[in-house]
Amino acid sequence: MGPTFLCELGLFFLCTLLCSGHAQDAVLTVEPSSTIFIGETVSFKCDMKEGKHTDWEYKIIMDGRELFNSNTNKDLRLKVASTAQSGKYSCSAHRKSSQNTKNSNTVSVTVKAGKPRATLTPGSTIISVGGSVTLTCSVGSSADWKYEWFRRDQNTEVQIRTDDQQNRVIRVSEGGIYHCRGRRGNPDYYTDKSDDVTIEKTISNKVVVKGRPSWPQILSSETISLTCEVQEGGETTEWEYRWRGPKQTTQWTHNNYWIFNVSESSSGDYMCKSRRRDDSYSSTEWSEAFNLSVSNAVLTVEPSSTIFIGETVSFKCEVKEGKHTDWEYKIIMDGRELFNSSTNKGLRLKVASTAQSGKYSCSAHRKSSQNTKNSNTVSVTVKAGKPRATLTPGSTIIPVGGSVTLTCSVGSSAGWKYEWFRRDPNTDVKIRTDDQQNRVIRVSEGGIYRCRGRRGNPDYYTDKSDDVTIEITSVLSSESSSFLMIAGLISGTTFIFLLLLLCCCMKSKVFNKGSADDQRVSQDEDQQQVYSSLLHGDRCVYETIRGSKSTDTGQIEGDSCVIHFKVINKTQPRGDPEESSDYYNVNPNSSPGP
């Protein structure tokens, strides 16, 4: 490889680089996008580093053909009218004073027919309680769109977002029907609105499905009624309901029940949801599934599928046999025939071992038609040992005039009825025993309580629960006792004070009367006998024990004076001045009258 060749190669690359750079000194931009739609306005702009020179001539070129030539404007704006305007666009700028020409890059422009439609994609159509969901709007593969958002409910339709941002993704927390559209260009060009997307808001109320008959396994051709119940305050609101079964989902209805005749194809899960009638886009979550198992035969196990050694368990095989009686019944345990009878559809046996745990089913075979109906399967668990009841008090203290609840339970097994016992220092009695499942009772007497479970035929009893002592609260609380004690002290003190005051008043009155009475007694001894006889009368009402000795001045002092007070009959004649007194003082040292 000679030096001449290397020199030519270097000059080639240098020329290519320089020529290429010079050819792309001008830049063509196309707005709003290189993919446009009929009806849009497209803008071509030819840009270059022209310094302060203004003597440039601009050309817009399409597929090598000059489309636009201007001595002043570097921009071309035109409204697209046909797909024929698709092509390869470029521009050039020619400076007349220097004969310098700058060529631009090439932009492939695609014109599409028809108006585009926006597409709305929700992150989810269900807003969880207290949450939100994202909505995304797009217009194919074209760019530079800004988006407008709309929401409507049963009453209104409003534009919820319109701004100059490319708000392609928004977040919403309200239920309703949403759609969007794209906007771009100058003047604005709008896409068609997207399809509607319904967003439902989940409310916190819970719903539950209940069925009649209440057991999930029912016979083919029976009628079942499913009820959707709204819990947690739902009773104060008007609701609509929707059902989902194994084969269909119903429309919204005002009825909270679903009644149908079952067949073997009806087996499966059933759920419901509910919404307020005044808000079509806020609803509850779907309820937990109610599993319906439809059989030609149904095996029932009593008293429960969880039993204890020593209990008697009953298996019953039920079929819709009409008037036919030529059925043969089999009870099957873990695939092995346990019982076979041409007359009895049931089997009763006393459980003796945990080995009797297993999967039980039954079949009914009609001999005349060779028709066989197989049942559902029931898992039976046999537990060793005797269960013990558990007594749980709502409180161990009965308030004044009140009562407390007592709850008896036997593990997780079902079908128990309960017996209740109470003892105190004098008695030990059974207080409740009936055929109801009286698991919870209310008592208002203190004592020691216990309970036990009972079920089956014949009766099987659990061990009695541990004792629970229930006390009844005093008639008076400690605060009341303190108050009464203080009130008693005040009342007692007040009574003593008043009694002392009364005694002082009595003594003063006795003293004043004493002097006058002594004078009258000395003047008339007969009258003294009359008065002194009052001392021994039957009408003496009050007597004071402590008195004072008589002195020459008539004052009574010491402990020897006994003062008797006699109430005088007010109906007697008032002629005698002595008998007009209410009280009479008698000296106990004076000699009694005849």
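Can you name the residue in segment 437-463 that is among the small types (Gly, Ala, Ser) and over 19 Å from GLY402 (Cβ atoms) and, of all such residues, is surrounded by the most Cβ atoms within 10 Å (Cβ to Cβ)? If you could, list the steps in order and put the result at the bottom.
Let us first name the residues in segment 437-463 that are among the small types (Gly, Ala, Ser), namely 444, 446-447, 453, 456.
With the extra rule that they be over 19 Å from GLY402 (Cβ atoms), the set shrinks to 453, 456.
Details: GLY453: 26, GLY456: 22.
Per the stated criteria, the residue is GLY453.
Restrict the check to segment 389-406 and report whether at least one residue is out of contact with any Pro (no Cβ under 9 Å at 6 or more places or on another chain) and closer than 30 Å to ILE331 by Cβ.
No, there is no match, as no residue in segment 389-406 is out of contact with any Pro (no Cβ under 9 Å at 6 or more places or on another chain) and closer than 30 Å to ILE331 by Cβ.
In segment 231-252, how many are open to solvent by 40 Å² or more (accessible area, probe 1.4 Å) and touching a strand residue (DSSP E or B) at 6+ places or on another chain (Cβ under 8 Å)?
10
Just a yes or no: is a residue in segment 325-333 under 30 Å from TYR241 (Cα atoms), in contact with a Cys (Cβ under 6 Å, 6 or more places away or on another chain) and crowded, with 16+ Cβ neighbours inside 10 Å? It would help to see each step written out before you state the result.
If we filter segment 325-333 for residues that are under 30 Å from TYR241 (Cα atoms), which is where we start, we get none.
The answer is no; no qualifying residue exists.
Which is closer than 25 Å to GLY185 by Cβ, among the hydroxyl-bearing types (Ser, Thr, Tyr) and over 60 Å from the mean Cα position of the chain (by Cα), of THR106, THR110, THR101? Break it down into steps so the answer makes sense when it comes.
Details: THR110 fails: over 60 Å from the mean Cα position of the chain (by Cα); THR101 fails: closer than 25 Å to GLY185 by Cβ.
That would be THR106, the only listed residue that is closer than 25 Å to GLY185 by Cβ, among the hydroxyl-bearing types (Ser, Thr, Tyr) and over 60 Å from the mean Cα position of the chain (by Cα).
Across segment 244-299, what is the number of residues that are within 23 Å of the chain's Cα centre (by Cα) and small (Gly, Ala, Ser)?
Selection size over segment 244-299: 6.
Please list, ordered by residue number, the strands (runs of 3 or more DSSP E) wholly in segment 107-163 having 2 or more residues that are of a type in the set (A, V, I, L, M, F, W, C) and open to solvent by 60 Å² or more (accessible area, probe 1.4 Å).
In segment 107-163, 157-162 are the strands (runs of 3 or more DSSP E) which contain 2 or more residues that are of a type in the set (A, V, I, L, M, F, W, C) and open to solvent by 60 Å² or more (accessible area, probe 1.4 Å).
Can you tell me which residue among ASN426, ASN457 is free of Cβ contacts under 8 Å to residues at least 24 places away in the same chain and not acidic (Asp, Glu)?
Among ASN426, ASN457, only ASN426 is free of Cβ contacts under 8 Å to residues at least 24 places away in the same chain and not acidic (Asp, Glu).
Would you point out the residue of segment 453-472, among those that are part of a strand (DSSP E or B) and under 15 Å from PHE308 (Cα atoms), that is nearest to the chain's Cα centre (by Cα)? Talk me through it step by step, then tell me what you get.
Our first condition is that a residue be part of a strand (DSSP E or B); within segment 453-472, this holds for 453-455, 460-461, 463, 468-472.
Cutting the leftovers down to under 15 Å from PHE308 (Cα atoms) gives us 453-455, 460-461, 463.
Details: GLY453: 32, ARG454: 34, ARG455: 34, TYR460: 38, TYR461: 37, ASP463: 37 Å.
Per the criteria, the residue is GLY453.
Filter segment 267-298 for residues that are modelled with pLDDT of 90 or more, assigned to a strand (DSSP E or B) and of a type in the set (A, V, I, L, M) and give the result.
Selection gives MET271 alone.
Can GLY175 be described as under 28 Å from the mean Cα position of the chain (by Cα), of a type outside the set (A, V, I, L, M, F, W, C) and open to solvent by 70 Å² or more (accessible area, probe 1.4 Å)?
no
So SER361 passes all but one of these: (1) open to solvent by less than 50 Å² (accessible area, probe 1.4 Å); (2) under 30 Å from VAL468 (Cβ atoms). Which condition number does it fail?
Failed condition: (2).
Give me the pairs, please: first residue somewhere in segment 190-214 and under 22 Å from SER142 (Cα atoms), second residue anywhere and in a loop (DSSP other than H, G, I, E, B), beta-carbon distance under 6 Å, and either six or more positions apart or on two chains.
Within 6 Å, the pairs are THR191/PRO116; THR191/ALA118; THR191/VAL139; ASP192/LYS115; SER194/ALA118.
When both residues are 6+ apart or on different chains and their Cβ atoms are under 7 Å apart, which pairs have a first residue that lies in segment 134-154 and is among the acidic types (Asp, Glu), and a second that is in a strand (DSSP E or B)?
ASP144/ARG184; GLU148/GLN159; GLU148/ARG161; GLU148/THR162; GLU148/CYS180; GLU148/ARG181; GLU148/ARG183; ASP153/GLY176
Could you tell me whether segment 376-393 includes any residue that is open to solvent by 50 Å² or more (accessible area, probe 1.4 Å), of a type in the set (A, V, I, L, M) and more than 27 Å from ILE470 (Cα to Cα)?
Checked segment 376-393: at least one residue is open to solvent by 50 Å² or more (accessible area, probe 1.4 Å), of a type in the set (A, V, I, L, M) and more than 27 Å from ILE470 (Cα to Cα).
Name the residue that is least open to solvent (accessible area, probe 1.4 Å), counting only residues in segment 55-104 that are within 12 Å of LYS45 (Cβ to Cβ) and outside any strand (DSSP E or B).
Residue satisfying both the conditions and the ranking: SER104.
All but one of (1) surrounded by fewer than 18 Cβ atoms within 10 Å (Cβ to Cβ); (2) part of a strand (DSSP E or B); (3) out of contact with any His (no Cβ under 7 Å at 6 or more places or on another chain); (4) at pLDDT below 90 hold for LYS373, so report the exception by its number.
Failed condition: (1).
If we keep just the residues of segment 395-436 that are part of a loop (DSSP other than H, G, I, E, B) and among the aliphatic types (A, V, I, L, M), which is least open to solvent (accessible area, probe 1.4 Å)? Full working, then the answer.
So in segment 395-436, the residues part of a loop (DSSP other than H, G, I, E, B) come out as 395-396, 399-403, 410-416, 424-427, 434-436.
The next check asks that each one be among the aliphatic types (A, V, I, L, M); those that pass are 400, 410, 414.
Values: VAL400: 96, VAL410: 5, ALA414: 54 Å².
The selected residue is VAL410.
Please enumerate the residues belonging to segment 415-442 that are within 29 Å of VAL313 (Cβ to Cβ) and modelled with pLDDT of 85 or more. Show your work before the answer.
Step one: list which residues in segment 415-442 are within 29 Å of VAL313 (Cβ to Cβ), which gives 415-421, 430, 432-441.
Result: GLY415, TRP416, LYS417, TYR418, GLU419, TRP420, PHE421, LYS430, ARG439, VAL440, ILE441.
Being closer than 9 Å to MET62 by Cα and not basic (Lys, Arg) is the filter here, so list the residues in segment 87-103 that pass it.
GLY87, TYR89, SER90, CYS91
Just one of (1) modelled with pLDDT of 90 or more; (2) crowded, with 16+ Cβ neighbours inside 10 Å; (3) farther than 17 Å from SER132 by Cα; (4) not aromatic (Phe, Trp, Tyr) trips up PRO187, so point out which.
Of the numbered conditions (1) modelled with pLDDT of 90 or more; (2) crowded, with 16+ Cβ neighbours inside 10 Å; (3) farther than 17 Å from SER132 by Cα; (4) not aromatic (Phe, Trp, Tyr), the odd one out for PRO187 is (2).
The values are calculated or read from the model by the stated rules, or taken from the named source; none is laboratory data. Since this is a predicted model, take the numbers as computed values, not measurements. Cβ: placed from backbone, ideal geometry, glycine included. Neighbour counts: every protein chain shown. Accessible surface areas use protein heavy atoms only, side chains included; no ligands, DNA or RNA. Shrake-Rupley method; radii C 1.70, N 1.55, O 1.52, S 1.80 Å.
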